[in-house]
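Every read-out reported here was derived from the displayed coordinates using simple, explicitly stated rules and does not represent laboratory data. Predicted model only: the values in this text are computed from it and were never measured. Cβ: placed from backbone, ideal geometry, glycine included. Neighbour counts: every protein chain shown.
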Amino acid sequence: ALGLLSRLPVPPGDAARGAAAAWAFPLAGLILGALAALLGVIAHAFGSPSPLTALIVLGFLTMATGAIHEDGLADTADGFWGGWTREKRLRIMRDSTVGTYGVIALVLSLLLRWYLIAELITDGALIWSLVIAAAGSRAAMVWVMDSLPPARRDGLSERSGRPGELATGVAVLFAVCLTVLAPDVSAWRLVLLAFLAALMVRQVAKRKIGGQTGDVLGATQQVTEIALLAGCQMMAYGWQAIP
């Protein structure tokens, strides 16, 4: 899972075994989130202000993943809103050129994540928030990967296969248990936010292209991560007192 989803110094992942490794996607997310949080804590301890620390954390997350999820978000935005037919959308998504919709999606995503991370640093809620968001967003990828068929017969999703109910259940259960164990959060609210964010991407993908692709999974991760970071940030302002 780490070989597929990150640029960490581990043996490279085989895309054909993506479905077999899918149960561990949130575990890979936990590792990435924990490393980013550790870097943020160290930078902040040395006097780095919250906005700069957030930029450092965001830069690490982007480099550690090779920006694969950001690339998926951009391609998905370009394809879904740049094409009028299913075939045209899939062609646009495969094109390496980033269009206007993709640029807008990337800018909004990066700004939102930077702002939310900076606020979480200020509120002293960075560590668990990053871990929950990183793990939960990758569990959402597994659910979408299993619940929608591959949109094209020669794409990465087709080669990877579908995880199946057991792998999907393990991935989701891992992320849910991690959220439940986190201090000072309303776990059911975060789980609901993650589900709604992933469901939104899933339903749009189903309507636009009739399935999922690797780009759609990347978009799922980005949208769900933003939803979870926003939920954690709102809880830092007092949601933890609400049952």
Note to self, the chain gives a 222 nm [θ] from helices alone (DSSP H runs n ≥ 4, -39500 (n - 2.57) apiece, / all residues, nearest 500) of -24500 deg cm²/dmol
Burial-style ranking of 140-146, 109-115, average other-beta-carbon count within 10 Å with highest first, yields 140-146, 109-115
Square roots of five times the C-alpha gyration tensor eigenvalues of the stretch 167-215, ordered largest first and given in whole Å, equal 26, 13, 7
Ranked output for segments 174-185, 226-237 by mean other Cβ atoms within 10 Å, highest leading, reads 226-237, 174-185
Here the convex hull volume per residue of the stretch 1-86, taken over Cα atoms and given in Å³, is 110 Å³
A chain fully extended from V103 to R86 at 0.36 nm per residue, minus the present Cα-Cα distance, gains in nm 4.0 nm
Taking Cα atoms only, Rg over Rh for the stretch 106-243 with Rh from the Kirkwood formula is 1.00
With T = 37 °C, eta = 0.692 mPa s and Kirkwood Rh from C-alpha pairs, the Stokes-Einstein D of the chain in µm²/s is about 184 µm²/s
Taking Cα pairs closer than 8 Å and at least 6 residues apart, the relative contact order of the stretch 94-204 in percent is 26 percent
